[in-house]
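Asker: I'd like to ask you about the structure that follows.
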Amino acid sequence: MTRRLSIVIGLLAWLSVPAGAQVTEVAVFGASDLALAFKEIVPKFERALSVKVTLVLGSTGMLAKQIEHGAPADVFFAADQTFIEDLAGKGVVIPETRALYAQGRLVLATARSAGPKLTDLRQLSEPRIRHVAVANPAHAPYGRAAEQALRAVGVWDELRPKLVYGENIRHALQFMESGAAEAGLIALSLANVPAIDYVTVDRALHAPLNQSVAVVRRSRRPELGLAFIQFVNGAEGRVVMKRFGFLLPGEF
Amino acid sequence: MDFFPIALSARVSVTATALTMLTGIPLAWALARRQFPGRRLLDALVVSPLVLPPTVLGYYLLVVIGSRGPVGRLLDGLGVSLAFTWRAAVIAAWLGSIPLLIKAAQAGFDGVDVRLEQAARTLGRTEWSVFWSVTLPLAWRSITAGIVLAFCRAFGDFGITLMVAGSIPGRTQTLPLAIYDHVQANEMAQANVLSLVAVVMVVLLLIGVGRLARLRY
């Protein structure tokens, strides 16, 4: 009996041993469309303030749920400001720290393997385009914008059989990179990849993709989260964000 | 290339399999040998983790063990956090894999002739001793099959872990989560290497475990 008890105690003791680094100084949770821009901003911030950042990317909806249930995020960059408003209403983020940090741009992308690039949304009806990749309009902000734009030019119903939904915007891009979709509507911030050509979609065709951020209330280092927001919205951050095609606060 | 996910996955899957054995084998035995109210219901319910979409299951688990959930709040008071730690990955892997062990072990226990157990009892063996020296050895082949399936399922868990442990690099990003992350970033070379590592690791571990299992009985 004591042997079995010691197995259980041993297992519990083993479970109490931490895995990996415990001191992450700032945990930044961010929407997938920030993948490339933040890959550049994070090291700059780490150097400037001598802190270590853990970057967790995912779909805004999933990250918001996780933060609501106690995920160790210090700061949350959403792809859509409604998520930040919702979390502020629930007391999950600190309302005073809310800030707009970018407006996303939608692009019409054509896989290079599918021939000459499309320049107008209506061309998605061409027979050579058999699949159109978009993020899921039910929950992904870029997917919603894509649906609005396609409805605005009157091709949504016609295109529906061709649409393939990605879980998030990176997933939609991947459909084109893997050759599964000939065209798609994705984020400008991710569009500079060898596999695709693109043109931007007229902003007037969809509701603005306003992206906002806030510090998480449970954060033990709110000042560092705030510093990261200020860095992204500061001179160094803005240069990078602009280069990846985001419109910046004050420009929209 | 970051090797942390490899070490983490080894740790999580082995720990989860140990936990699955400790909880699944007694439960399978109870389902096979005991009569109690709600047995049929429980018998059907234990497979539910296989039925629900893993991310949804992960979300429910998060609601229970997260900072707002009943279990999460209780543990928070004790200074223990489960969600978004490697322990959460263990629980995720345990939940996803336990039906496989229970069903296999149950079939194993069902196949053991109760007359052999009764014979042991007439020779003065206690229930505990009957279980360890008669029932378990005779059911062991099915149980090992269940352990192998459970281990593989635990190693490969993606959806439940993603929701309840997060995909936090250097902390809760297991091998499947890291592979997915590389694929999403179109870093196919890294994804391919890690996939190969995952398969080789599991094959080596299974060969090792297979040896151990044969040594035992």
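Asker: List the number of the failed condition for residue A:126; all other conditions in (1) without any contact (Cβ under 8 Å) to a residue 24 or more places away in the chain; (2) assigned by TED's automatic domain parsing to the domain that holds residue A:224 hold.
Answerer: All conditions are met except number (2).
Asker: Output the residues belonging to the range B:16-32 that are within 12 Å of chain A (Cβ to nearest Cβ), of a type outside the set (A, V, I, L, M, F, W, C) and touching a Leu at 6+ places or on another chain (Cβ under 7 Å).
Answerer: B:20
Asker: Now for a different question. For the range B:181-199, state whether one or more residues are under 24 Å from residue B:58 (Cα atoms), within 14 Å of chain A (Cβ to nearest Cβ) and either in a loop (DSSP other than H, G, I, E, B) or touching a strand residue (DSSP E or B) at 6+ places or on another chain (Cβ under 6 Å) (or both).
Answerer: Yes, the range B:181-199 contains at least one residue that is under 24 Å from residue B:58 (Cα atoms), within 14 Å of chain A (Cβ to nearest Cβ) and either in a loop (DSSP other than H, G, I, E, B) or touching a strand residue (DSSP E or B) at 6+ places or on another chain (Cβ under 6 Å) (or both).
Asker: Another question, then. For the range A:56-82, enumerate the residues that are away from chain B (no Cβ under 13 Å) and either surrounded by fewer than 24 Cβ atoms within 10 Å (Cβ to Cβ) or closer than 12 Å to residue A:28 by Cα (or both).
Answerer: If the condition is that a residue be away from chain B (no Cβ under 13 Å) and either surrounded by fewer than 24 Cβ atoms within 10 Å (Cβ to Cβ) or closer than 12 Å to residue A:28 by Cα (or both), then A:75, A:77, A:78, A:81, A:82 are the ones that fit.
Asker: Check every one of the helices (runs of 4 or more DSSP H) wholly within the range A:154-252 and list those with 1 or more residues that are closer than 16 Å to residue A:131 by Cβ and out of contact with any helix residue (DSSP H, G or I) (no Cβ under 8 Å at 6 or more places or on another chain).
Answerer: Qualifying helices (runs of 4 or more DSSP H): A:169-177.
Asker: Then there's this: Taking helices (runs of 4 or more DSSP H) that do not extend beyond the range B:55-171, which have at least 1 residues that are over 30 Å from residue A:54 (Cα atoms), within 13 Å of another protein chain (Cβ to nearest Cβ) and aromatic (Phe, Trp, Tyr)?
Answerer: B:127-130
Asker: When you go through B:83, B:89 one by one, which is the residue that is at pLDDT 95 or above and closer than 19 Å to residue B:16 by Cβ?
Answerer: Among B:83, B:89, only B:89 is at pLDDT 95 or above and closer than 19 Å to residue B:16 by Cβ.
Asker: I need the full set of residues from the range B:33-49 which are in a helix (DSSP H, G or I) and either within 14 Å of chain A (Cβ to nearest Cβ) or of a type in the set (A, V, I, L, M, F, W, C) (or both), in order please.
Answerer: Across the range B:33-49, the qualifying residues are B:41, B:42, B:44, B:45.
The values are calculated or read from the model by the stated rules, or taken from the named source; none is laboratory data. Please read all numbers here as calculations on a predicted model, not as lab measurements. A quick note on method: Cβ atoms are made from the backbone with ideal geometry, for glycine too, and the neighbour counts reach across all protein chains shown.
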